[in-house]
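The values are calculated or read from the model by the stated rules, or taken from the named source; none is laboratory data. No experiment lies behind these values; they were computed from the predicted model shown. When we count neighbours, we look across all protein chains shown, and the Cβ atoms used for this are built from the backbone with ideal geometry, even at glycine.
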Amino acid sequence: MSRHFELLLGGSGGQGLVFVSSFIAKAAMADGLNAAQTQSYGIAQRGGFISAEVVVSDQEILYPKVTRPDLVIALHEAAEPHFVKLDSKVVFDSGLMDSQPRPGWAGLPFTDLARSLNCPKAANLIAFGAALHFAPFIPLEAAEAAARESFPSGAAEINIQALRLGRSEAVKKFRGGRLR
């Protein structure tokens, strides 16, 4: 049986979505999968809407864009209008988005959690860690291995803490891992 997963990320410029989408692709490749990453942003990179996409598969990827997202990570209210009509699971930053409860949407305060680590830029990796609870398309260990390979030791450890924190907070709040 083949493994194919499509992830869509959206937020505001400056939140590190391009970075985290590239990191997710690298983590998937560390797990022996193929990955393609793309991004889109307007002329206002910092503060304007930005999206990034990751396609992961154990087969050759013939089209590198997301066509039917299995999961969406939304880190800013600027992303909500772009994703509200999708038939996908959505993991969003409840500290930055005042989203109405919707079936299939799960909110956690990623930015607040990043501040608790004294690393506000880690909200994107915390969100990725949480996403792995709802859609374990790669093992957390592959993401941790990618962090060790991508960052110097001190930075690697804080990024691994961010991944683990996101996963553990999602497990605590959403025990079953299912979004309806």
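Name the helices (runs of 4 or more DSSP H) wholly within segment 102-165 that hold at least 1 residues that are surrounded by fewer than 17 Cβ atoms within 10 Å (Cβ to Cβ) and among the charged types (D, E, K, R)?
Working: elements: 110-116, 123-134, 140-150.
Fully inside segment 102-165 and qualifying: 110-116, 140-150.
Residue under question is G129, and the condition is that it be under 20 Å from F92 (Cα atoms), touching a residue at least 12 places away in the same chain (Cβ under 8 Å) and either out of contact with any Pro (no Cβ under 9 Å at 6 or more places or on another chain) or not small (G, A, S) (or both); does it hold?
Values: under 20 Å from F92 (Cα atoms): yes; touching a residue at least 12 places away in the same chain (Cβ under 8 Å): yes; either out of contact with any Pro (no Cβ under 9 Å at 6 or more places or on another chain) or not small (G, A, S) (or both): yes.
When the stated conditions are applied, G129 passes them.
Quick check: is even one residue across segment 64-81 of a type outside the set (A, V, I, L, M, F, W, C), assigned to a loop (DSSP other than H, G, I, E, B), under 17 Å from F128 (Cβ atoms) and touching a Gly at 6+ places or on another chain (Cβ under 9 Å)?
As a first pass, look at segment 64-81 and keep what is of a type outside the set (A, V, I, L, M, F, W, C): 64-65, 67-70, 76-77, 80-81.
Of the ones still in play, those that are also assigned to a loop (DSSP other than H, G, I, E, B) are 64-65, 67-70, 76.
Narrowing the set further to residues that are under 17 Å from F128 (Cβ atoms) leaves 69-70, 76.
Now restrict to residues that are touching a Gly at 6+ places or on another chain (Cβ under 9 Å): 76.
Scanning segment 64-81 turns up at least one residue that is of a type outside the set (A, V, I, L, M, F, W, C), assigned to a loop (DSSP other than H, G, I, E, B), under 17 Å from F128 (Cβ atoms) and touching a Gly at 6+ places or on another chain (Cβ under 9 Å).
Output the residues belonging to segment 48-85 that are closer than 24 Å to G14 by Cα, hydrophobic (A, V, I, L, M, F, W, C) and in contact (Cβ under 8 Å) with a residue 60 or more places away in the chain. Step through it out loud before you land on a result.
Kept after step one, since they are closer than 24 Å to G14 by Cα, are these residues of segment 48-85: 48-55, 64-66, 69, 71-84.
Still in the list and also hydrophobic (A, V, I, L, M, F, W, C): 49-50, 52, 54-55, 66, 71-75, 78-79, 83-84.
Answer for segment 48-85, where residues must be closer than 24 Å to G14 by Cα, hydrophobic (A, V, I, L, M, F, W, C) and in contact (Cβ under 8 Å) with a residue 60 or more places away in the chain: V66, L71, V72, I73, A74, L75, A78, A79, F83.
Output the residues belonging to segment 57-90 that are at pLDDT 90 or above, surrounded by 12 or more Cβ atoms within 10 Å (Cβ to Cβ) and of a type in the set (V, I, T).
Answer for segment 57-90, where residues must be at pLDDT 90 or above, surrounded by 12 or more Cβ atoms within 10 Å (Cβ to Cβ) and of a type in the set (V, I, T): I61, V66, V72, I73, V90.
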